[in-house]
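Please treat every number below as a calculation from the coordinates, not as lab data. Note that the structure is predicted; figures quoted are calculated from it, not measured. For neighbour counting, all protein chains shown are included, and Cβ atoms are generated from backbone atoms with ideal geometry for every residue, glycine included.
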Amino acid sequence: MGDVVDITLKRVGAGASIRDFMRVPHITQGSDPYWIAPISLELGPIAVGDGPRLNPKRNPWFQHGEAALWVAECDGKLVGRISAQVDQNHLKLYNDQTGFFGFFECIDDQGVAEALFNAAFGWLRERGMRRCVGPFSFNVNDESGLLIDGFNCPPRMMMGHAQPYYQRLVESAGFTKAVDMRAYLTPMDTALPYKQLKWLKRGLERNPKLAVRSLDPARYDDDLATIMEIYRLGWAENWGSIPMTEAEAKHVANEMKMILLPELVSIATVDGRPAAICLALPDLNEMIHDLKGRLFPFGVFKLLWRILTRRTYVSGTRVLLMGVIPEYKNKPMGSLLALLTVGAVREASLKLRMPICEMSWVLETNIQTCHSIEDIGGRVYKTYRMYERAIPVP
């Protein structure tokens, strides 16, 4: 643990730049071989990474959210960063005077961590917040949770990495566990035991109302709208859920379009009505792991080539969205629909020679989904934690 005494906080836009903010994780995690430096790419309609995420003109979250960003310095050197944010859609839904923190990065020094959290607390308190939850970047529909277990391998796309001491810094600042989220590693070549494959085949044969199909590129927008609606309905009762706005859903659809493969998206229907979805993406982190966050002068050409050849370049996927509409939840039909969609993605993954899949994140309280993934061979290999605490009164 360090012993930094002279700590200076600078707010982005008032003494610090977005570039400073984005540099901090390179300092705190750059020596970790498992950390993957994020990229920032803005080329016309293509917007990927922290730069666009932090840009109010690019990120539709800012249509209903407000955020403040800080960096911490010691002797002119960057030593940490944090965000504080208020999401009006969360407040309308829960009316709980809760604000968020996120983008937390820090050297191993409790004094620096305390200074960062105090800045966030003060800003949230000025806006009437009494409780702080996080980390979110910027809310539950984006990168969420602090890695507390599973440091010995790289994260998949849109999942965070951290240093083991981050947990101590956060908890020593008064935060306690709100809920844990699990990332499952699932080998797709053994993901469905023979008995379940037989059951799926029998279920399809006996129920002509059931069908499963992949995403139709000619109807990309319509199919993505269907997927986001099932996701919204299926996750409405989950911890901290905030429905995406139409603008946010379109933004996510545009982000995914760059790397999505239609056969890795399955939609199950009952009497022609969409009822369940499973969406996996080729792991973008495999494509950027060696770029060290630098796209120029040559990294951008490497990335674009890898995206174009992703069918053969990438070996793993992440199941980003999975859901069943509420009327079939916790019923045999719901289990069958979930297995149908996962089975279709499994088959496509094997044909593409992408045998390893991460299914994440899954709330520890979502017992049915946890058991379903474990039944098909998934094992928890990373755990992320959401924290909460009352905002201290000065």
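Observations on the structure shown:
- Here the simple spin-label model places points 7 Å from the Cα toward Cβ, and for residue 254 and residue 8 these points are separated by 3.8 nm.
- The mean of 1/r over all distinct Cα pairs in segment 89-171, once inverted, gives the Kirkwood hydrodynamic radius of 13.9 Å.
- Against the chain, whose longest principal axis is taken from its Cα atoms, helix 194-206 shows a tilt of about 60°.
- Reachable aspartates and glutamates, given that their alpha-carbon falls under 20 Å from the alpha-carbon of residue 329 and they are not under 8 places away in the same chain: 229, 237, 271, 364, 374, 375
- Radius of gyration over Kirkwood radius for segment 186-382, both on Cα atoms: the Rg/Rh ratio is 0.97.
- Its relative contact order, with pairs defined as Cα atoms under 8 Å and 6+ residues apart, puts the chain at 22 percent.
- Value of relative contact order over segment 125-173, rounded to a whole percent, pairs C-alpha under 8 Å and six or more apart: 26 percent
- Computed over the chain, the P(r) curve from all C-alpha pair distances, binned at 10 Å from the origin, holds 5, 22, 33, 25, 12, 3, 0, 0 percent per bin.
- Between residue 390 and residue 233, the simple spin-label model (points 7 angstrom out along Cα→Cβ) gives 4.1 nm.
- Summary of the geometry: segment 272-302 and segment 93-124, compared by the centres of their Cα atoms, lie 29 Å apart.
- Full-extension gain in nm, residue 309 to residue 168, via 0.36 nm per residue minus C-alpha separation: 46.6 nm
- Taking 0.36 nm per residue of separation and subtracting the current Cα-Cα distance, fully stretching the chain between residue 298 and residue 379 would add 25.4 nm.
- Over segment 291-394, the alpha carbon radius of gyration divided by the compact-protein estimate 2.2 N^0.38 Å works out to 1.47.
- For the peptides 77-84, 182-189, 362-369, residues were scored by their other Cβ atoms within 10 Å and the scores averaged per peptide; the highest-first order is 77-84, 182-189, 362-369.
- Helices in the chain, meaning DSSP H runs of at least 4 residues, each add -39500 (n - 2.57). Divided by all residues, the mean residue ellipticity at 222 nm is -10500 deg cm²/dmol.
- Cβ crowding within 10 Å ranks 325, 267 as 325, 267, fewest other Cβ atoms first.
- Qualifying trypsin sites (Lys or Arg not before Pro) in segment 320-355, where qualification requires a DSSP coil assignment and no more than 15 other C-beta atoms within 10 Å, comprise 353.
- Scoring 334-343, 51-60 by mean Cβ neighbours within 10 Å over their residues and listing the highest first yields 334-343, 51-60.
- Segment 297-354 - Rg over Rh from alpha carbon coordinates, Kirkwood radius: 1.20
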